[in-house]
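Beneath this line is the structure, given in structure tokens, with notes to follow.
The values are calculated or read from the model by the stated rules, or taken from the named source; none is laboratory data. From a predicted model like this one, the values you see are computed outputs, not experimental measurements. Here the Cβ positions follow ideal geometry from the backbone for every residue, glycine too, while neighbour counts run over all protein chains shown. Ligands, DNA and RNA are excluded from the accessible area calculation, which covers all protein heavy atoms including side chains. Shrake-Rupley method; radii C 1.70, N 1.55, O 1.52, S 1.80 Å.
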Amino acid sequence: MEPTEIHEFSEEMKEAGEKGMRHVSLAISVLAVLVAMVTVLGHRSHTEAILMQTRAADQWNQYQAKKIRQEQVSTTADLLSLQPSSNDEAVQKKLAEYRSHLQKWDGEINEEQEAAHDLEREVAGAERRANRYDLGEALLEISVVLSSITLLTRQRRFFFFGLCLGLLGVIEGATALLMH
């Protein structure tokens, strides 16, 4: 909610002036604060998802680099073993070195792949939280609008319906906090 909208609500509170509408105006102010809080949390969740996605992409790049290096060394070892050589002892020594690297990289590649999958799961969780915050924000904004209509029409049904939607918005935002 923008500062100008909060100012407009303040003006509406002054115009409402009636004792019966003061609680509506106060509730609208509280709802506006809740909208702001849920909006900030939603933006932070979206940012977290983007940062995690970048980390996951970096992790996959590292996995691919190691996989390519492993394939190149494997191909080089195959070619070296097939070619005739005047120094068979040096060739066998080099092949042993290459095989040692390949065994080491097998374990590392699996770890890199699992780390990338873990980061992807974290991205999915952050996106689910962000979606919950977005829904909570939308419900709270609709609640503010419906409650504001009460000030214009003096019909309390808009206020009660707005409060119900506001409560749903708060619950939705709270469930996002509980997600891991």
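Candidate membrane-span-like segments in the chain, meaning DSSP H helices with Cα atoms spread over at least 20 Å of their own axis and a Kyte-Doolittle mean of 1.0 or above, are 156-178, with no membrane implied. Taken along the Cα-to-beta-carbon direction at a fixed 7 Å, the label points for residue 22 and residue 61 span 6.1 nm. Number of Lys-Lys pairs in the chain with C-alpha atoms under 24 Å apart and a separation of 8 or more places or on different chains: 8.
Computed with a 1.4 Å probe over protein heavy atoms only, the accessible area of residue 76 comes to about 60 Å². The figure for residue 171 is an accessible area of roughly 90 square angstrom, using a 1.4 Å probe on the protein chains alone.
Excluding ligands, DNA and RNA, the accessible surface per residue across the chain is 64 Å² with a 1.4 Å probe. The order of 104, 66, 93 by accessible area, most exposed first and with a 1.4 Å probe, is 93, 104, 66.
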